[in-house]
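Peer 1: Right, I'll just put the structure down here and ask away after.
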Amino acid sequence: ELKVEQNPLFLSMQEGKNYTIYCNYSTTSDRLYWYRQDPGKSLESLFVLLSNGAVKQEGRLMASLDTKARLSTLHITAAVHDLSATYFCAVGHQTSGSRLTFGEGTQLTVNP
Amino acid sequence: SAVISQKPSRDICQRGTSLTIQCQVDSQVTMMFWYRQQPGQSLTLIATANQGSEATYESGFVIDKFPISRPNLTFSTLTVSNMSPEDSSIYLCSAPRSGGFGDTQYFGPGTRLTVL
């Protein structure tokens, strides 16, 4: 059974600081997704990571994937208040990569 | 990016009744997915809606409780049957951008269901 764990679950940080969110998963997968969810909203796709060593960056967010360690990271650089949201990682099942198992989510609050 | 719409956006229902949620995608996709997000929780996959065949349900979800239809490649419905307050959740449908390998999975805006 595929299990996905994120940490931390809650993160409060100051503007301008850097931090990393971790996503561990239990079985082999060939794709990993990162999503953002604002309160009362649906999910916004941030990144799709498909291969070992994949790194993608968009603005202040950078995601990476290590399939051997079954670990993905979402790194936040010089955080700003607008990044406050809940971030989810989701892992595709090996038999059907479009079926996703989600992590618990990381609720990020960036304080001025 | 795929555009996914859902109806209704929210509803308040009485215990014991049923609600059907509609999901429309702006392009043809092979698979569509239904997820549940309970209050303050993460998302859990309910089932995969396959066009031309029966839906595939995840462990803990059954067809009698969550019947799904998939009449064509752009539309699906999820019915929440015989509702109880524990069914109060956000229900989201999802589809890949083009149905192929490695595509981004897009999500609809969700249907916020409250059961009294």
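Every number in this text was worked out from the coordinates using simple rules, so none of it is lab data. Everything numeric here is computed off the predicted structure, so don't read it as measured data. Because the Cβ atoms are built from the backbone with ideal geometry, glycine has one as well, and the counts that use them run over all protein chains shown.
Peer 1: Rounded to the nearest 20 debye, what is the charge dipole size of the range A:4-111 about its Cα centre when +1 sits on each Lys and Arg Cβ and -1 on each Asp and Glu Cβ?
Peer 2: Computed charge dipole of the range A:4-111: roughly 200 debye.
Peer 1: Follow-up question, since we're still on this one. Quick one: work out the % antiparallel among DSSP beta bridges in chain B, nearest 5. Display every interim value, and only then the final one.
Peer 2: Values: 33 of 37 bridges.
Bridges in chain B that DSSP calls antiparallel: roughly 90 percent.
Peer 1: Roughly what % of DSSP beta bridges within chain A run antiparallel, to the nearest 5? Each step should come with its number before you reach the end.
Peer 2: Working: 38 of 43 bridges.
Taking every DSSP beta bridge with both residues in chain A, the antiparallel ones total about 90 percent.
Peer 1: Would you mind telling me which residue in B:Val62, B:Val80, B:Val25 has the biggest mean-square fluctuation in a Gaussian network model of chain B, where springs connect alpha carbons within a distance under 10 angstrom?
Peer 2: The residue with the greatest mean-square fluctuation here is B:Val62.
Peer 1: Picking from A:Asn111, A:Ala90, A:Ile76, whose Cα lies most toward the positive end of the charge dipole for chain A (charges on Cβ: Lys, Arg +1; Asp, Glu -1)?
Peer 2: Checked the options; the winner is A:Ala90.
Peer 1: Pick out which of B:Ile68, B:Ile12, B:Ile21 has the largest mean-square fluctuation in a Gaussian network model of chain B, springs linking Cα atoms closer than 10 Å.
Peer 2: Taking springs between Cα atoms under 10 Å, the residue moving most is B:Ile12.
Peer 1: Using a Gaussian network model of chain A whose springs link C-alpha atoms within less than 10 Å, name the residue from A:Gly92, A:Gly40, A:Gly16 with the highest mean-square fluctuation.
Peer 2: In the Gaussian network model the winner is A:Gly40.
Peer 1: To the nearest whole number, what is the average tally of beta carbon atoms from other chains within 10 Å of the beta carbons of peptide B:45-58? Don't skip to the end; give the middle numbers.
Peer 2: On the way: counts 6, 0, 1, 3, 0, 0, 0, 0, 0, 0, 0, 2, 0, 2.
Mean partner shielding for this stretch: 1.
Peer 1: Under 28 Å Cα-Cα from B:Lys7, which lysines qualify once same-chain neighbours fewer than 8 residues away are excluded?
Peer 2: Once the sequence-local lysines are set aside, what remains near B:Lys7 is A:Lys41, B:Lys65.
Peer 1: Taking 0.36 nm per residue of separation and subtracting the Cα-Cα distance, what length does fully extending A:Lys56 through A:His81 add? Mind showing how you got there, number by number?
Peer 2: Numbers: separation 25, 0.36 × 25 = 9.00 nm, distance 2.17 nm.
In short, 6.8 nm is gained.
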